[in-house]
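First the structure, in the form of structure tokens, and then the observations on it.
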Amino acid sequence: MNSPITVEGWADPAFNTCLDAFRSNFGQDGELGAACAIYHNGEPVLDVWGGAATADGGQPWRRDTVAPVFSVTKGVAALCVLAQVDEGLIDLDAPVARYWPEFGEHGKDRVTVRQALGHRAGVPAISGAITLENLADPAAMAARLGSEPPIFDPNTAHIYHPITIGWITSELVRRVTGLSVGQWLRKHVAEPLQLNLQIGRLPADNSPVARFMVPPERDSPELEADSLAARAISLSGLMEPRLSGLAKGMNDPRLQAVELAGANGLADARSLARLYSAVVTGAEGISLPSMACVRDARTPISQGKQWMTDFTGPTWGAGLMLPWAVQPMLGEGSFGHDGMGGALAFAHEPSGISFAYVRNRAGIANIADPLVYRVVGILADKLGITIPTF
């Protein structure tokens, strides 16, 4: 008989129903390991974790365990770019090439920062093979991306840029600050706020890292290796182009050590919720974008069917995911990003809520994850919010 899962942490008594919802996520077909955190009007009200950090159950999920959060990283990186917008260093409606002239090759000189952050740059993949050694040289990767011809006009189409958007955000930050997005995040946000949040893991970091796993029944079919989708998600074949292959890649310490600002962040739920809370409520002395800047960035840029597909994807603003069918969040006024397998971090400005959920076993794809949204739904009920349907 299996031992009962231990859930640790605490909840403000007013949010005990959210704690109960999280606790109920552990069981048959439930979480292996997970953590959840909620802030309300700048104060923590839920900080819980439980289960195992490894598939064999040998390593418990601890308070300081971080997990691969995949595309949740995109929202974090977008906030770093928006901080430069707020400082007047970047104009969302200026061409990317104003700050990064080499990006303007092959007609990309017309692509604005806003369009690029909204997955309209037309460069979802890089030609040619990519090695771990290549990834360790972000300037060289940015140069390769800058030389790519776009596959469409940014005014006519959009398509998800799963990895390449990270080089765009990082290079924009580097061009105006001299720091990569991971370095800037560490210096100006993570260290001052004491966040356990990294894009590019430092060798000296000793936080335990949860290993992400994909149950066979939840794995995706393997994509054709030379297809655009496969090249876009797999780093041009460096990883196997299916969910389990991506999980294996992102579990690799060598890949965790490089900066992929669209995909390889490591974080605990507490840090993600604290980050989004600091954006919504303000944090004195911390270089984060103002809500006026974020409201502008929440203007929808891309939604509906993606280029050359029948897939209706997310709604994006300038780097931020907005409420849509799979991630309704708390509805209008929400912004953040989800990640492969079910990770989610967002803020809801009207209620002053920030929410984060990280885990290490893939959920069910292409739906509002029932375990994550069990907690979000209870939170919405408490706040008197009706989660929208699309």
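Treating r as the C-beta distance of Glu191 and Thr6 and R0 as 30 Å, the FRET efficiency rounds to 0.45.
Over the range 315-390, the fraction of Cα-Cα pairs per 10 Å bin, rounded to whole percents and listed from the shortest bin up, is 20, 59, 21, 0. Over the C-alpha trace of the range 268-378, radius of gyration and Dmax come out as 14.1, 45 angstrom. For the chain, modelled as a GNM whose springs connect Cα atoms under 10 angstrom apart, the maximal fluctuation among Arg144, Arg298, Arg231 occurs at Arg144. Across Ile165, Ile301, Ile286, mean-square fluctuation computed from a Gaussian network of the chain (C-alpha pairs under 10 Å connected) peaks at Ile286. For the residues Phe311, Phe335, Phe346, a GNM of the chain with alpha-carbon springs under 10 Å puts the largest fluctuation on Phe311.
For Met213, the residues whose modelled amide H falls within less than 5 Å of its own, excluding neighbours fewer than 5 places apart on the same chain, are Arg361, Ala362. Computed on the range 47-91, the Cα convex hull volume stands at 94 Å³ per residue.
How big, in percent, is the set of alpha carbon pairs in the range 40-167 lying more than 21 Å apart? For the range 40-167, the fraction of Cα-Cα distances above 21 Å is 53 percent.
If you look at the Cα atoms of the range 195-282, you get an Rg and a Dmax of 15.2, 46 Å. Report, in order of residue number, the helices in the chain meeting two criteria: a C-alpha extent of 30 Å or more along the helix axis, and a mean Kyte-Doolittle hydropathy of at least -0.5; treat each whole DSSP H run as one helix. Going by DSSP H runs, there are no hits. Where q = 0.09, 0.13 Å⁻¹, what log10 of I(q)/I(0) comes from the Debye formula for the chain, counting one point per Cα? Normalising to I(0) and taking log10 leaves -0.46, -1.03. For the range 262-323, the fraction of alpha-carbon pairs lying more than 19 Å apart is 48 percent, rounded to a whole number.
Packing, as the average of other Cβ atoms within 10 Å across residues, places the peptides 86-97, 358-369, 70-81 in the order 70-81, 358-369, 86-97, highest first. For Ile353, the residues whose amide H sits under 5 Å from its own are Asn41, His348, ignoring neighbours fewer than 5 places away on the same chain, with H placed 1.01 Å from N. Shown for the range 145-300 is the translational diffusion coefficient from the Stokes-Einstein equation, using the Kirkwood radius over Cα pairs, a temperature of 25 °C and a viscosity of 0.890 mPa s: 139 µm²/s.
Read-outs: derived from the displayed coordinates by stated rules, not from any lab. Being a predicted model, the structure only gives us computed values, none of them experimental. Backbone-built Cβ (ideal geometry, glycine too); neighbour counts: all protein chains shown.
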